[in-house]
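Worksheet: the structure to be examined is printed underneath.
FYI, it's all coordinate maths here, none of it is from the lab. These numbers come from a predicted model, not from an experiment. Positions of Cβ are generated from backbone atoms using ideal geometry, with glycine treated the same way; all protein chains shown enter the neighbour counts.
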Amino acid sequence: MFGGHGIIYWIILGLIAGAIASRIVERRGAGIVLDIIIGIVGAVIGGYIGEALGLGGLQGYGYIWSLFLAVVGAVVLLLGYRALSRR
């Protein structure tokens, strides 16, 4: 279910990626729980983006690559949410 990694890995990755993305987009964190959720959903989105571009998903190139894709996905998620909430 977690692609070879345990749930603790995904929670930690989600927290770090969500915190970074929140600070990139909003200039502040969204809180621990929301940062974790943003980061985990961002990891899924980033994995799909990486696969679609032929760069590999979250599992191919190590922890730094997974974190990078998770941050990219979380930024996309936050920008999409921001665009939809302004309408």
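Between Leu55 and Leu34, what length comes free when the chain is fully extended (0.36 nm per residue of separation minus the Cα-Cα distance, one decimal in nm)? Can you show the working numbers first?
Working: separation 21, 0.36 × 21 = 7.56 nm, distance 2.78 nm.
So the extension gain works out to 4.8 nm.
In loop segments of the stretch 24-87 as defined by DSSP, the chymotrypsin sites (Phe, Trp or Tyr not before Pro) with at most 14 further C-beta atoms inside 10 Å of their C-beta are Tyr61. Taking a point 7 Å from the Cα of Tyr81 along the Cα-to-Cβ direction, the residues of the stretch 45-75 with backbone N closer than 16 Å to it are 45-46, 70-75.
Once you sort the root eigenvalues of the Cα gyration tensor of the chain as a ≥ b ≥ c, which label holds: rounded (a/c under 1.5), prolate (a/b larger than b/c) or oblate (the other case)? It would help to have the intermediate numbers written out before the result.
On the way: a/c = 2.10, a/b = 1.36, b/c = 1.54.
Here the chain falls in the oblate category.
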